[in-house]
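Novice: Below is one structure. I have some questions about it.
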Amino acid sequence: MTKKTVVFTLIALFFITLILRPPIAQIGPLLHEILSKLNLNPAEVGLLASAPVFTFGAGAFLAPWLLRRYGLNHAILFMLILMFAAIALRSWFGYPLLLTGTLAIGLAIAVTNVLLPTFLRVDFPKQTVLLTSAYTTMLAVTASIAAAISVPLSDQFGGWQFSLLVTAVPALLAVLFWYPRIREAEPHVPIPSHAAKADTKAVYGSLIAWASLGFFGIQSMNFYVMLSWLPTMLIS
């Protein structure tokens with residue numbers, strides 16, 4: 001990588017961290033307003049609030065295929081473009097596109113969640129710990145900020161649509177600053193061997209693996225239930 005590309009990459013990473021949680025974190029605080037404006041029934045509200053969590057699980061399995069098919073740089077770029085398009089369009093055409101856009105955002109976030117640590121290990125092996133610590137900390141901070149400012153933004157700019165649109169700005173900047181990377185050679189990412197695949201199969205029989213799955217599943221459920229439903233409960 002050239003020095004210019006390194007600088008652009010670090011800037012892109014900053015903007016990527018700004019969009020890996022806020023587009024989902026915004027939904028909970030605005031759920032009451034969305035419900036009233038779109039006249040949603042309880043099933044539609046529940047689906048909108050829970051859909052991103054399901055895509056987080058499904059999207060993780062898509063990442064290895066994208067990595068093998070298109071390479072790391074292109075795969076991340078595709079997800080950033082998908083995220084920007086979904087954020088920009090989901091608020092303006094009623095509930096079907098709002099749900100579809102939110103699902104697309106969840107899918108793009110899920111894939112990026114898998115690809116980003118791989119990218120850091122490959123391109124910044126000596127700074128992996130530092131950069132990983134920085135961006136994971138920012139994920140928590142940006143999610144909290146997004147949840148806190150969503151309703152004030154809606155009040156200030158005339159509705160929940162404009163509040164959800166705010167994150168389109170860092171999404172577009174992430175695309176623009178990441179784009180120079182596709183002109184570089186794709187970094188080599190080791191593909192698992194047959195032996196590694198056999199070890200992967202053994203994971204399914206591990207009690208520790210299933211216990212970890214349950215632990216992190218409950219942890220995620222706790223976070224997203226609070227994120228989605230606590231604001232509505234407080235309003236009620």
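Novice: Out of PHE56, PHE119, PHE157, PHE84, I need the residue that is aromatic (Phe, Trp, Tyr) and open to solvent by less than 10 Å² (accessible area, probe 1.4 Å). Which one?
Specialist: Going through PHE56, PHE119, PHE157, PHE84 in turn, just one is aromatic (Phe, Trp, Tyr) and open to solvent by less than 10 Å² (accessible area, probe 1.4 Å): PHE119.
Novice: When only residues in region 1-43 that are of a type in the set (D, E, K, R) and farther than 17 Å from ILE87 by Cα count, which is nearest to the chain's Cα centre (by Cα)?
Specialist: If we take residues in region 1-43 being of a type in the set (D, E, K, R) and farther than 17 Å from ILE87 by Cα, then GLU33 is nearest to the chain's Cα centre (by Cα).
Novice: Which residue is most open to solvent (accessible area, probe 1.4 Å), if the candidates are limited to region 170-190 and must be in a helix (DSSP H, G or I) and either in contact with a strand residue (DSSP E or B) (Cβ under 6 Å, 6 or more places away or on another chain) or aliphatic (A, V, I, L, M) (or both)?
Specialist: LEU176
Novice: When you go through (1) free of Cβ contacts under 8 Å to residues at least 60 places away in the same chain; (2) open to solvent by less than 10 Å² (accessible area, probe 1.4 Å); (3) within 18 Å of SER220 (Cβ to Cβ); (4) not basic (Lys, Arg) one by one for ALA25, which number turns out not to apply?
Specialist: The number of the failed condition is (1).
Novice: Any chance you could count how many residues in region 160-169 are open to solvent by 20 Å² or more (accessible area, probe 1.4 Å), closer than 28 Å to ASN73 by Cβ and assigned to a helix (DSSP H, G or I)?
Specialist: 2
Novice: Please verify whether GLY106 is open to solvent by less than 20 Å² (accessible area, probe 1.4 Å) and either touching a residue at least 24 places away in the same chain (Cβ under 8 Å) or under 19 Å from ASN222 (Cα atoms) (or both), treating the condition exactly as stated.
Specialist: In short, yes.
Novice: Moving on to the next point. Across region 59-81, what is the total count of residues that are modelled with pLDDT of 90 or more, of a type in the set (A, V, I, L, M) and surrounded by fewer than 21 Cβ atoms within 10 Å (Cβ to Cβ)?
Specialist: Within region 59-81, residues that are modelled with pLDDT of 90 or more, of a type in the set (A, V, I, L, M) and surrounded by fewer than 21 Cβ atoms within 10 Å (Cβ to Cβ) number 2.
The values are calculated or read from the model by the stated rules, or taken from the named source; none is laboratory data. Bear in mind the structure is a predicted one, so any value in this text is a computation, not a measurement. Ideal geometry is used to build each Cβ from the backbone, glycine not excepted, and the neighbour counts take in all protein chains shown. To get the accessible areas, we keep the full protein, side chains included, count just its heavy atoms, and leave off ligands, DNA and RNA. Shrake-Rupley method; radii C 1.70, N 1.55, O 1.52, S 1.80 Å.
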